[in-house]
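Report on the following structure.
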Amino acid sequence: MADRTHIEWTDATWNIITGCSVVSAGCKHCYAMKLAGTRLAHHPSREGLTIDTGAGPVWNGQVRFNGPWLTQPLAWSWPRRIFVCAHGDLFHEAVPDEWIDQVFAVMALAPQHTFQVLTKRASRMQQYLSDENVWPRIEVAARRIWRDLMGQQIAGKVLIGPLPNVWLGVSVEDQDAANARIPALLDTPAAVRWISAEPLLGDLDLRDIDDGAAHREIPREFWVEEFDTEDSPPAVGIDALSGLRWQRFGDWQGRGTTIDWVVVGGESGPGARPMNPQWVRDLRDQCMLHAEVPFLFKQWGSWVSVSEVEGAGPH
């Protein structure tokens with residue numbers, strides 16, 4: 001858990017679940033994986049989560065629920081943007097639903113914060129949040145957490161989803177990843193959907209996602225209610241929390257659901273793979289000129305001369 005971070009699109013990280021496994025090219029130089037096997041190798045939250053290889057530490061597929069950190073967001077009264085599971089994946093296949101229920105319960109109990117979730121397991125996320133029993137389970141978890149923390153019951157109904165202060169996103173490093181993950185994201189009940197194209201490893205056209213699936217329209221109404229207790233924080237709308245001026249620009253590809261934000265960045269660190277500047281320009285133009293979706297360029301990452309990148313074009 002870190003109340004400050006160098007990640008420019010968030011304010012804090014909440015590593016309630018740590019550990020992961022490599023699933024695609026974007027995982028190759030994962031900073032969290034390297035830290036878990038080096039500087040944090042003996043920390044209780046990371047110990048035993050990697051194996052040593054000739055290429056360095058690699059996730060071994062084990063995950064850990066860091067229980068002492070569960071309620072830390074509830075201790076922060078000042079609104080923050082919080083990156084959930086920066087050193088893991090909330091929807092990893094080894095993470096049981098009961099853990100995810102508790103994470104969503106805390107996010108529901110802390111409407112003063114904006115929680116930013118990012119996953120490479122978009123199908124698991126879609127299946128979890130489309131389950132008709134998910135919100136009753138989360139409500140039970142929220143009541144138990146509040147009772148254990150505050151010593152009192154929550155009176156009345158707590159919530160149904162989607163939560164307005166939870167942004168659900170997917171990592172897409174190239175077109176194949178986008179085709180595999182974005183359709184499931186669009187089919188996931190969410191207040192805000194976003195994409196992190198970092199590290200960007202290839203040309204990416206978000207206007208031509210090959211899915212072949214029918215996407216249902218998700219209502220935009222938000223249903224979080226205030227808790228009936230003097231000690232609980234008020235329910236706050238997402239626009240008041242984000243510190244950003246969000247506008248709804250209409251749907252993406254006529255689906256009735258939208259991608260609300262796109263972040264792009266290059267890879268950094270030893271052995272980083274270069275990012276073609278034209279990939280960034282194309283993605284920027286898709287967002288700003290075609291879809292009118294907010295676009296954040298995070299970093300070039302480690303780089304080589306533009307003359308060494310095929311097809312980079314003028315700069």
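Values quoted throughout were computed directly from the atomic coordinates according to the rules given, and no laboratory measurement underlies them. This structure is a prediction, so every number in the text was calculated from the model and none was measured. FYI the Cβ positions are ideal-geometry reconstructions off the backbone, even for glycines, and counts take in every protein chain you see.
One quarter of the surface of the convex hull around the alpha-carbon atoms of region 1-108 equals 7.1 nm², the direction-averaged projected area.
Shown here for region 114-176: GluC sites (Glu not before Pro) in loop regions (DSSP other than H, G, I, E, B) with at most 15 other Cβ atoms within 10 Å, namely 132.
Couplings 3J(HN,Hα) of region 161-177, computed from phi: x, x, 6, x, 9, 10, 9, 9, x, 10, 8, 9, 8, 7, 5, 4, 5 Hz, in residue order, whole Hz [Karplus 6.51 cos²θ - 1.76 cosθ + 1.60, θ = phi - 60°; x for Gly and Pro].
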